[in-house]
Amino acid sequence: MLIDLDRFVAEERPYWEELDQLLTRLEVDAGASLDLPGVRRLHYLYQCCASDLAKVSTFAAEPALRQRLENLVGRAYGEIHEVRGRPHRLRPLHWFRCTFPQTFRRHRRAFHVSLSAMMLGALFAALILFARPDLKPFLIPAQFGHLYSDPSERVAREESTDEDPLAGARARFSAMLMINNTRVSILTMAAGLAWGLGSLFLLFQNGLILGAVMIDYILAGESAFLFGWLLPHGAVEIPSIILAGQAGLVLGGAIIGHGDSATLRTRLRRVGPDLVTLIAGVALLLVWAGLVEAFLSQYHEPYVPYALKIAFGMTELVLLFLFLYRSGLHDEDRRAKEAP
Amino acid sequence: MTAGMLANQLEIHTPEGITFSTPLAGVPSRCAAWMVDTLVFLTAISLVSGLLGWFVTALPSVGTAIQMLVYFLLATGYNMVFEWFWRGQTPGKRLFRLRVMDVQGLRLQFGQIVIRNLLRPVDLLPAGYGIGVIAMLLNRKNQRLGDLAANTVVVRTPPVEEPDLEQVVAGKYNSFRQYPHLEARLRQRVRPDETALLIQALLRREQLEAKARVALYAEMAAHFRGHADFPEEATRGLTDEQYLRNVADSLFRRASASR
């Protein structure tokens with residue numbers, strides 16, 4: 001019980017003010033760090049304030065003082081009890097070269113499931129169209145209505161035209177593709193909230209469309225056109241959607257928490273940074289895919305040989321998978337050795 | 001460290017045995033904040049349109065591409081950027097005194113802000129935050145699905161109101177001052193919520209109907225008499241209202257003198 005509030009405030013105020021200044025410095029500068037004496041001082045000041053709050057809580061007459069101390073203790077509590085890494089200074093190159101592929105590899109099982117869901121969709125559509133080609137309009141949504149026509153007709157038309165189909169609109173088309181694909185990716189990840197099922201459904205649906213288009217062109221004998229058209233951008237775009245599905249499955253997996261004794265909150269806290277890394281990586285890859293689709297994919301023979309486009313696409317695919325499976329391994333090994 | 005719940009309050013218990021609580025924001029205030037943010041966003045979009053207009057005219061394809069990308073970045077990043085740089089607030093949230101907070105009172109991390117905003121499309125389904133509102137109503141912490149996945153809550157941050165003590169103290173003379181030990185006992189026994197009630201009852205004197213006021217003050221005076229038993233010479237001739245003003249004076253005199 002405090003008898004002399006004036007004296008108590010006068011004696012303790014310097015500590016409150018010092019803690020307030022220290023916290024403000026830590027909050028404003030994301031890169032600020034404390035040395036050992038600094039950490040000790042912060043902890044000491046936090047304990048002083050916490051004990052002052054405990055004393056004031058029993059003293060009825062100063063709610064404003066109590067609120068001020070609650071605020072200080074709350075802020076200091078957030079700093080002291082936070083065990084996750086502090087938001088460090090941006091290192092975009094290191095993030096792209098190491099963090100992104102390492103995160104991918106940590107959840108490679110989810111990627112394989114995601115890949116399987118899309119391939120299953122593609123296979124399913126291929127089998128259906130193989131047996132019943134008339135079902136094409138049911139498998140390809142109306143927004144891709146331009147693909148309803150006969151593949152050979154389209155190939156003949158595009159190979160014979162002298163006009164640039166995207167003259168004066170390439171940049172706009174490219175931006176539209178980037179935005180649309182990023183939206184689809186975000187939705188594919190967000191749909192993982194439904195225990196991962198939403199992501200699986202969207203991956204399967206994307207697989208259906210892809211499979212239907214591919215089998216349609218292959219059956220029409222237009223494989224060279226198909227791969228020359230799809231591979232340059234698809235080699236990056238399709239894996240990106242699968243990566244977004246991987247993020248959705250990681251989210252769904254954390255929500256289900258099978259075989260994990262941690263609480264839902266802890267599981268979600270654990271995967272949060274990985275989701276952000278995966279979706280940011282996807283957004284970057286889709287910028288590249290959007291540029292390639294608008295500036296290369298839509299140009300066919302005789303202007304660009306199909307062999308060249310297919311070789312370009314295959315190279316991208318190999319590089320992408322080398323990057324995802326190999327990049328940052330050295331850094332990973334070093335960290336593993338350093339870990340106690 | 002645990003986060004408990006009172007009615008519409010998020011209560012955080014620290015390992016040091018300290019408890020602090022914060023009120024949670026409900027659907028109406030969050031909806032109002034969202035509307036303000038939509039207005040600010042639309043204004044920003046029209047400003048950007050004006051700025052980029054000449055560019056679109058000069059270079060139609062590149063100009064439109066840049067315009068589309070800027071719109072997309074604004075739409076996706078508006079909440080994220082504000083919530084990060086304003087520590088959990090957007091213009092709408094700031095206006096309605098709301099703030100995004102970590103559910104355990106820890107530092108709000110950038111990743112949490114990204115997740116709660118990227119998962120928004122699911123909360124928006126099927127239209128007008130349908131799923132989000134249902135999730136908030138079913139959830140004791142008023143979290144939409146994005147909040148649940150990001151481990152965040154939206155709390156209210158009402159301003160700390162300093163009571164106008166001049167209006168509630170007893171005036172020039174307070175007979176209780178003759179009994180400092182009883183005043184000390186009173187200060188010890190009266191809880192903060194009782195203090196707040198006392199201040200509000202005295203501040204709202206003119207808003208109460210005369211009859212209701214007499215009844216309320218009588219009940220409250222009886223309650224405070226139970227905390228400290230002042231001798232008869234100190235309370236003789238005191239109305240219930242004067243009694244309450246004396247109590248307020250005894251509780252606040254020291255605090256107000258220190259300001």
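Every number here is computed from the coordinates shown, using simple stated rules; none is lab data. Owing to the predicted nature of the structure, the values given are computational and were not obtained by experimental measurement. No Cβ is skipped: glycine too gets one built from the backbone with ideal geometry, and neighbour counts run over all protein chains shown.
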Open item on the list: Which three extents, in angstrom, do the Cα atoms of the stretch B:165-258 have along their principal axes, listed largest first?
Closed with: 35, 30, 25
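Counting other Cβ atoms within 10 Å of each Cβ, which chymotrypsin sites (Phe, Trp or Tyr not before Pro) in the stretch B:169-257 have at most 16 and sit in a DSSP loop?
On the way: sites: B:Y173, B:F176, B:Y217, B:F224, B:Y243, B:F252; in loops: B:Y173.
Answer in residue order: B:Y173.
Which chymotrypsin sites (Phe, Trp or Tyr not before Pro) in the stretch B:16-103 sit in a loop by DSSP (not H, G, I, E or B) and have at most 16 other Cβ atoms within 10 Å of their own Cβ?
On the way: sites: B:F20, B:W34, B:F41, B:W54, B:F55, B:Y71, B:F72, B:Y78, B:F82, B:W84, B:F85, B:W86, B:F96; in loops: B:W86, B:F96.
The qualifying sites are B:W86.
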Task: Estimated vicinal HN-Hα couplings, Hz - the stretch A:241-251 in sequence order (Karplus 6.51, -1.76, 1.60; Gly, Pro = x) - done: 5, 5, 5, 5, x, 4, 4, x, 6, 4, 4
Task: HN-Hα J in Hz across the stretch B:238-249 - Karplus 6.51, -1.76, 1.60, θ = phi - 60°, x for Gly and Pro - done: 7, 6, 4, 5, 4, 4, 5, 5, 4, 4, 4, 4
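Which translational diffusion coefficient, to the nearest whole µm²/s, is obtained for the stretch B:2-156 from the Stokes-Einstein equation, given a Kirkwood hydrodynamic radius over C-alpha pairs, 20 °C and 1.002 mPa s? Could you put the intermediate results ahead of the total?
Details: Rh = 16.8 Å.
This corresponds to a translational diffusion coefficient of 127 µm²/s.
Assuming a ≥ b ≥ c are the square roots of the Cα gyration tensor eigenvalues, decide whether chain B counts as rounded (a/c under 1.5), prolate (otherwise, with a/b larger than b/c) or oblate. Kindly include the intermediate steps, with their values, before the conclusion.
Working: a/c = 3.22, a/b = 2.56, b/c = 1.26.
Because a/c hits 1.5 or more and a/b exceeds b/c, chain B counts as prolate.
Exposed loop chymotrypsin sites (Phe, Trp or Tyr not before Pro) only (DSSP loop, at most 12 other Cβ atoms within 10 Å): please give the longest stretch of chain A free of them, not including the sites.
Details: sites that count: A:Y148, A:Y303.
The longest uninterrupted stretch comes out as A:149-302.
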- [ ] Just need the relative contact order of chain A here, percent rounded to a whole number, with Cα pairs under 8 Å and 6+ apart.
- [x] 22 percent
Task: Residue-wise HN-Hα coupling along the stretch B:43-56, computed from phi with Karplus coefficients 6.51, -1.76, 1.60 (Hz; x: Gly, Pro) - done: 4, 4, 4, 5, 5, 4, 4, x, 5, 8, x, 5, 5, 5
- [ ] Using only the alpha carbons of the protein assembly as shown, determine the length spanned along each of the three principal axes and report them from longest to shortest in whole angstroms.
- [x] 111, 60, 49
Task: 10 Å Cβ shell holding at most 13 others, DSSP loop, GluC sites (Glu not before Pro): longest site-free stretch of chain B - done: B:1-160
Open item on the list: Straight-line reach only, C-alpha to C-alpha below 14 angstrom: list the aspartates and glutamates that B:K141 could link to, leaving out same-chain residues fewer than 8 apart.
Closed with: B:E11, B:D102
- [ ] With just the Cα atoms of the stretch A:163-317, tell me how far they stretch along each of the three principal axes, in Å, largest first.
- [x] 60, 33, 23
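With Kirkwood's inverse mean 1/r over C-alpha pairs for Rh, give me the Rg to Rh ratio of chain A, two decimals please.
Working: Rg = 28.4 Å, Rh = 24.3 Å.
That ratio equals 1.17.
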Task: Under-5 Å amide H pairs with B:L10, H placed in peptide plane, nonlocal only - done: B:T22, B:L24
Task: Relative contact order (%) - criterion: Cα under 8 Å, at least six apart; region: chain B - done: 16 percent
- [ ] Indicate the gyration tensor shape class of the stretch A:127-188 (rounded, prolate or oblate), computed on the Cα atoms with a ≥ b ≥ c the square roots of the eigenvalues: a/c under 1.5 is rounded; otherwise a/b larger than b/c is prolate and the rest oblate.
- [x] oblate
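Kindly identify the stretch A:115-230 as rounded, prolate or oblate by the Cα gyration tensor criterion: order the square roots of the eigenvalues as a ≥ b ≥ c, call it rounded if a/c is under 1.5, otherwise compare a/b with b/c, prolate if a/b is larger, else oblate. It would help to have the intermediate numbers written out before the result.
Details: a/c = 2.56, a/b = 1.25, b/c = 2.05.
Oblate, because a/c is 1.5 or more while a/b does not exceed b/c.
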